[in-house]
Amino acid sequence: MLLIDSRVSDIDAILSSLTSDTEYIVFHHIYDTFDTIQSKISNTLTKQYTHVAIAQHKYNISTYSMIDAMPPALLFDYDSSGQQVSVSELEPALESWQPFVDFLMWLKTDMGTIYIDLLACNLWSDTNWVYIIETLKTICGLSIRASVDITGYGGDFILESDNVDLVGIYFTENIVNYKYSFVGNDFITLINTKSPWGVYSATEYSNVTNLLYEIRGNGRNATVSGSLTPGSATGNGATGAIKFLNGTTTQTITWPSGSIPTAFTMAFITRYTNASANQGRILGNSSSNPNTIIGHHGNKRGVSFITSAWVTPIANTGTATNWVNMVIKTGGTTPNNVLLDGSPIGTATNTSTPSGTLGINQWEQSDFGFSYLMIWDQALTDAEMVIVSGQLAFYLSTGNPPPVLSGFQTLLNTKRPWGIYRAVDWNSGPIRYLKPVVLQRVMLLRAEPVR
């Protein structure tokens, strides 16, 4: 049996890779409790389960909660001098883990479970987790297994604590094509705590309204002049098939007033599409105040100018027509104030700029490709910029876009529907259990008698 946290990415891909005798439950971190999870297992699944896997991310925080209703269980803490203190010193008997212990004991006594497999990444390389797992094994009399490295994309599905390959137990060989991992997503935490001013993807373009819609529906939509050409492809530095819009020197995109905030961070994926001509600016301001060049200028890839100074080397970096992955901010210190393809390249800083309007082909036109843009009206920390750059790099390498919730998905999270039903989820039989509908952290399961 596989228990899947609804925060895990692309759950459908996981479900399509299960062996024929592996059953599953998708649980919602906020809405479910241990009681509701136990009820789903008891009422929905069909047998006892010697093997139970829990698919969750590993979040780099000092406590663990399988679900929000579980009081935080201690992993570590800090003393008065800021030094980390291990759980083995603070709570050797793991008293705060009792609700999780009770759940594991229920699996053992009621469901016949012998093996608990934790899919979160890097647990067995974390000394606090090693202590917790070994102690839980003693308390519960269960075999609990974990991975020393990444589980999923960029790693494998082997739990090195016991050298157990999950392929053949829970998964078919198809799981090796899964394009995500169970590493905790710091990017999601970042955008939840420091909400961007605007997020824009090539997927949100309408040639009917001539608008590039802000993904989350905040109304800060960009206006398109002329008709852009949508596409999806690998190449030009992208090993994954990313979505993009191609335009020539005659087409423009204009973001709303204030899209160049006085203090900002911008992160984007753009490129020149013409290798021999029409290589001016791509992203920049729509007038001379503030004079802003973001990413491209004068046949050069990876250059930027803010208000009164170049903040990068004035030279082309890499293949001119390759996609640029750049994160740039006002303020900060060099070279970390500008990241190009993940590397710090800043040569100067500018703490602020007059508020302005961002555009493409507003001044010194180019044949361009646009894929993704995020704007913050604040300067992110250096560490946060690395997180954002890494997320864009992940998009370029896999074709999986940054996990930013759409307006509809945000609505589903805040106002949960009583039920969601789709024709494709119908199955015949005396009792029909509709497939869980997972929409970015929202999971709903309904059953109906069929007469």
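Figures for the structure shown
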quantity: Hits in region 77-95 (condition: in contact with a helix residue (DSSP H, G or I) (Cβ under 7 Å, 6 or more places away or on another chain) and either assigned to a helix (DSSP H, G or I) or farther than 10 Å from residue 131 by Cβ (or both)); calculated: 77, 87, 88
quantity: Selection from region 317-340 of residues that are under 19 Å from residue 238 (Cβ atoms) and in a loop (DSSP other than H, G, I, E, B); calculated: 317, 318, 319, 320, 321, 322, 323
quantity: Residue within region 185-192 that is assigned to a strand (DSSP E or B), among the acidic types (Asp, Glu) and surrounded by fewer than 20 Cβ atoms within 10 Å (Cβ to Cβ) present; calculated: no
quantity: Members of region 3-48 found to be acidic (Asp, Glu) and assigned to a loop (DSSP other than H, G, I, E, B), listed by number; calculated: 10, 21, 23, 32
quantity: Residue match in region 111-125 (condition: under 21 Å from residue 62 (Cα atoms) and either of a type in the set (Ser, Thr, Tyr) or more than 29 Å from the chain's Cα centre (by Cα) (or both)); calculated: yes
quantity: Selected residue (only one of 371, 304, 286 is assigned by TED's automatic domain parsing to the domain that holds residue 390, at pLDDT 95 or above, closer than 22 Å to residue 220 by Cα and among the hydroxyl-bearing types (Ser, Thr, Tyr)); calculated: 371
quantity: Residue satisfying condition, being in contact (Cβ under 8 Å) with a residue 40 or more places away in the chain, in a loop (DSSP other than H, G, I, E, B) and touching a strand residue (DSSP E or B) at 6+ places or on another chain (Cβ under 8 Å), within set 216, 220; calculated: 216
quantity: Test result for residue 353, among the hydroxyl-bearing types (Ser, Thr, Tyr), outside any helix (DSSP H, G or I) and at pLDDT 90 or above; calculated: no
quantity: Scan of region 289-301 for residues that are among the polar types (S, T, N, Q) and at pLDDT below 95, ordered by number; calculated: 289, 291, 292
quantity: Residue list for region 298-313, restricted to those being assigned to a loop (DSSP other than H, G, I, E, B) and farther than 9 Å from residue 348 by Cβ; calculated: 298, 299, 307, 308, 313
quantity: In region 278-297, the residues that are part of a loop (DSSP other than H, G, I, E, B) and either of a type in the set (Val, Ile, Thr) or closer than 14 Å to residue 349 by Cα (or both); calculated: 282
quantity: Hey, residue 202 within 30 Å of residue 222 (Cα to Cα), of a type in the set (A, V, I, L, M, F, W, C), more than 15 Å from the chain's Cα centre (by Cα) and surrounded by 21 or more Cβ atoms within 10 Å (Cβ to Cβ) or not; calculated: yes
quantity: Set 148, 101: member being under 30 Å from residue 48 (Cα atoms) and not in a helix (DSSP H, G or I); calculated: 148
quantity: Test: residue 132 is crowded, with 19+ Cβ neighbours inside 10 Å and touching a helix residue (DSSP H, G or I) at 6+ places or on another chain (Cβ under 7 Å); calculated: yes
quantity: Considering residues of region 334-350 that are β-branched (Val, Ile, Thr) and modelled with pLDDT of 95 or more only, the residue farthest from residue 229 (Cα to Cα); calculated: 334
quantity: Subset of region 356-368 (residues that are at pLDDT below 95 and of a type in the set (Ser, Thr, Tyr)); calculated: 357
quantity: Scope region 144-177; condition of a type in the set (A, V, I, L, M) and surrounded by 14 or more Cβ atoms within 10 Å (Cβ to Cβ); matching residues; calculated: 144, 146, 148, 150, 158, 159, 164, 166, 167, 169, 175
quantity: Complete set of residues in region 47-67 that are closer than 17 Å to residue 25 by Cβ, modelled with pLDDT of 85 or more and more than 20 Å from the chain's Cα centre (by Cα); calculated: 48, 49, 50, 51, 52, 53
quantity: Tabulated pairs, region 19-43, first farther than 27 Å from residue 167 by Cα, second in a loop (DSSP other than H, G, I, E, B) and of a type in the set (Lys, Arg), C-beta under 9 angstrom, 6+ apart or interchain; calculated: 30/441; 31/416
quantity: Failed item, numbered, when residue 144 is tested on (1) touching a residue at least 24 places away in the same chain (Cβ under 8 Å); (2) touching an Asp or Glu at 6+ places or on another chain (Cβ under 7 Å); calculated: (2)
quantity: Total residues in region 246-267, condition assigned to a strand (DSSP E or B) and crowded, with 24+ Cβ neighbours inside 10 Å; calculated: 8
quantity: Residue count for region 27-62, restricted to those that are of a type outside the set (Lys, Arg) and within 21 Å of residue 129 (Cα to Cα); calculated: 12
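To keep it simple, each residue is scored yes or no on (1) acidic (Asp, Glu); (2) in the same structural domain as residue 32 (by TED's automatic domain parsing); (3) crowded, with 18+ Cβ neighbours inside 10 Å.
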residue: 55; (1), (2), (3): no, yes, yes
residue: 63; (1), (2), (3): no, yes, no
residue: 84; (1), (2), (3): no, yes, no
residue: 99; (1), (2), (3): no, yes, no
residue: 102; (1), (2), (3): yes, yes, no
residue: 106; (1), (2), (3): no, yes, no
residue: 110; (1), (2), (3): yes, yes, no
residue: 113; (1), (2), (3): no, yes, yes
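For (1) in contact with a Phe, Trp or Tyr (Cβ under 8 Å, 6 or more places away or on another chain); (2) among the hydrophobic types (A, V, I, L, M, F, W, C), each residue gets a yes or a no:
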residue	(1), (2)
38	yes, no
45	no, yes
56	yes, no
78	no, no
94	no, yes
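The values are calculated or read from the model by the stated rules, or taken from the named source; none is laboratory data. Since we're looking at a predicted model, the values are computed, not measured. Glycine also receives a Cβ, built like all others from the backbone with ideal geometry; neighbour counts cover every protein chain displayed.
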